[in-house]
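> Handing you this structure, nothing more for now.
The values are calculated or read from the model by the stated rules, or taken from the named source; none is laboratory data. These figures come from a predicted structure and were not determined experimentally. Reconstructed Cβ throughout: ideal geometry from the backbone, glycine too, with neighbour counts over all protein chains shown. Protein only, heavy atoms only, side chains kept; ligands, DNA and RNA dropped before computing areas. Shrake-Rupley method; radii C 1.70, N 1.55, O 1.52, S 1.80 Å.
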Amino acid sequence: MVRHRILSERAAGGKPSATLAIAARAKKMQAEGADVVSFAAGEPDFRTPPHICDAAIKAVNAGAHFYTASSGTPALKKAVCERMRQDIGVNYDTDQVIVSPGAKFSLFLAFAALLDPGDEILLPSPFWVSYPEIANIFGVNVIDVPTAPNFTLTAEMLEAKITPKVKVLVLNSPSNPTGAVVPPEEVRKIAAFLERHGIFCISDEIYSQLVFGDARHISVASVSDYARAHTVVINGCSKTYSMTGWRIGYAVGDALIIDAMGNIQSQSTSNACAIAQAAAVAALTGDQTCVAAMRQQFQERRDLIVRLLNDIDGVHCHSPGGAFYVLPDISAVFGRTMVRRQINTPTDFCQLALEAFEVACVPGEAFGTDRHIRLSYATSPAQIEKGCIRLKEMIENNN
Ligand SMILES: Cc1ncc(COP(=O)(O)O)c(C=O)c1O
């Protein structure tokens, strides 16, 4: 009898999401009665706005109980086109839209449609945990493009790393985990870079509505005809409308690519939830003041957490232009002893913070950096203050 390996090479090389793992651990400790302050979650802490929930209830009562078209309901695809026109100034037809169960699956489909094993992608770092893992599933090689210490990304940095095997740039602005927003003039240079090398872009713009102060988001797809035709823009309802559990993401781009993504979706998940799609229509076409209100709160929390973190000896935190994360550099505390443990890495730091101080942060190693930790400030100002006081105590009082 032939003895087969249990796991495929693809499965054996996979890792669970580090952020989900830490968030789950923090939730478990909370359920057991611990007073954990969690900065781990990658989701807004607001409830989904009531008019969106009402649309879902209406859909249930009106009989939205069945499969929809695999690529999304006509109403939602139309709503996505209209939102894209208003938000990024690009006109897409409905055959250039696919709705999926979450933006993460939209990304998965975009990788599947564009990349073969052995192809290369350019991935600016620090990066969101799932990009290299999705690349790994498809046998795609990742070329790391380290950004500047303040997380600035430039077209020159990309130019320095290009190879003939690079087919796709994965761009994520505003970024998870850095919060950095690529300024419009640099986005234009990046569009020219794509064209110069004849490559594609997967532009993950899931945080596009969470941009603060002077920072401005423009989509690379809006910059030139070439960039529009060669960019798959990923977005969704999770972060903008506080709808992470509803699982609605979408992608827009060239009809040939979107069609290929649709074929794969139709053979895997079929369609996104019919009820959630009805809710998403209400989100995208309804009053957008709920988005502005959440943005305002995030901005206030960003200012608070940046101030409190920079007040801790050995912590250096940039004030990011978007998303709801900060990625402070804690490398100045490496080598110090805290609660009789020597801290040499972000993982050491986060383990001690959770176990001894009941503060959950995500170690930078998950995002490709060994100097930083990630804190999500999608939590109340009171929790932010409490968590930062504990971190200050951990770092300053235990030497
Ligand atoms: C950069 C980025 N892209 C995509 C996603 C996935 O969003 P969704 O919940 O719609 O799958 C996330 C969620 O954390 C994210 O941070």
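> For residues that are within 16 Å of the ligand (Cβ to nearest atom) and buried (at least 24 other Cβ atoms within 10 Å of the Cβ), tally how many sit in the stretch 222-239.
Adding up the residues that qualify gives 8.
> A follow-up question, please. Take Thr178 and tell me if it is within 14 Å of the ligand (Cβ to nearest atom), on the phi < 0 side of the Ramachandran plot and touching a Pro at 6+ places or on another chain (Cβ under 7 Å).
yes
> List the residue pairs whose Cβ atoms are under 9 Å apart, where the first residue sits in the stretch 215-236 and is modelled with pLDDT of 95 or more, the second is aromatic (Phe, Trp, Tyr) and within 16 Å of the ligand (Cβ to nearest atom), and the two are 6 or more positions apart or on different chains.
Sorted first by the residue in the stretch 215-236, then by its partner, the pairs are His217/Tyr207; Val233/Tyr250; Ile234/Tyr250; Asn235/Tyr250; Gly236/Tyr250.
> Among the residues of the stretch 258-279, how many are open to solvent by 30 Å² or more (accessible area, probe 1.4 Å) and in contact (Cβ under 8 Å) with a residue 40 or more places away in the chain?
9
> What is the one condition in (1) modelled with pLDDT of 95 or more; (2) of a type outside the set (Phe, Trp, Tyr); (3) open to solvent by 10 Å² or more (accessible area, probe 1.4 Å) that Thr347 does not satisfy?
The failed condition is (1).
> Filter the stretch 373-399 for residues that are within 27 Å of the chain's Cα centre (by Cα) and either in the same structural domain as Phe127 (by TED's automatic domain parsing) or among the acidic types (Asp, Glu) (or both) and give the result.
Glu385
> Among the residues that make up the stretch 5-17, is at least one of them touching a Ser or Thr at 6+ places or on another chain (Cβ under 6 Å) and either modelled with pLDDT under 90 or within 15 Å of the ligand (Cβ to nearest atom) (or both)?
No, because not a single residue in the stretch 5-17 is touching a Ser or Thr at 6+ places or on another chain (Cβ under 6 Å) and either modelled with pLDDT under 90 or within 15 Å of the ligand (Cβ to nearest atom) (or both).
> Starting from the stretch 24-39, keep only residues that are modelled with pLDDT of 95 or more, then list their pairs with residues that are assigned to a strand (DSSP E or B) and exposed (fewer than 11 other Cβ atoms within 10 Å of the Cβ) whose Cβ atoms are within a distance under 6 Å, requiring at least 6 positions of separation or different chains.
Going by the 6 Å Cβ cut-off, there are no qualifying pairs.
> Quick check on my filter: what residues within the stretch 28-58 are more than 16 Å from the ligand (Cβ to nearest atom), surrounded by 15 or more Cβ atoms within 10 Å (Cβ to Cβ) and over 19 Å from Asp348 (Cα atoms)?
If the condition is that a residue be more than 16 Å from the ligand (Cβ to nearest atom), surrounded by 15 or more Cβ atoms within 10 Å (Cβ to Cβ) and over 19 Å from Asp348 (Cα atoms), then Gln30, Pro49, Cys53, Ala55, Ala56 are the ones that fit.
> Additional query: Taking the stretch 225-242 on its own, how many of its residues are over 14 Å from Ser106 (Cα atoms) and under 14 Å from the mean Cα position of the chain (by Cα)?
Within the stretch 225-242, residues that are over 14 Å from Ser106 (Cα atoms) and under 14 Å from the mean Cα position of the chain (by Cα) number 3.
> Ok, one more. Name the single residue that is surrounded by the most Cβ atoms within 10 Å (Cβ to Cβ) among those in the stretch 200-221 being within 13 Å of the chain's Cα centre (by Cα) and not hydrophobic (A, V, I, L, M, F, W, C).
This residue is Asp204.
> For the subset of the stretch 242-257 comprising residues that are surrounded by fewer than 24 Cβ atoms within 10 Å (Cβ to Cβ) and closer than 25 Å to Tyr226 by Cβ, which member is nearest to the ligand (Cβ to nearest atom)?
Within the stretch 242-257, the match that is nearest to the ligand (Cβ to nearest atom) is Ile257.
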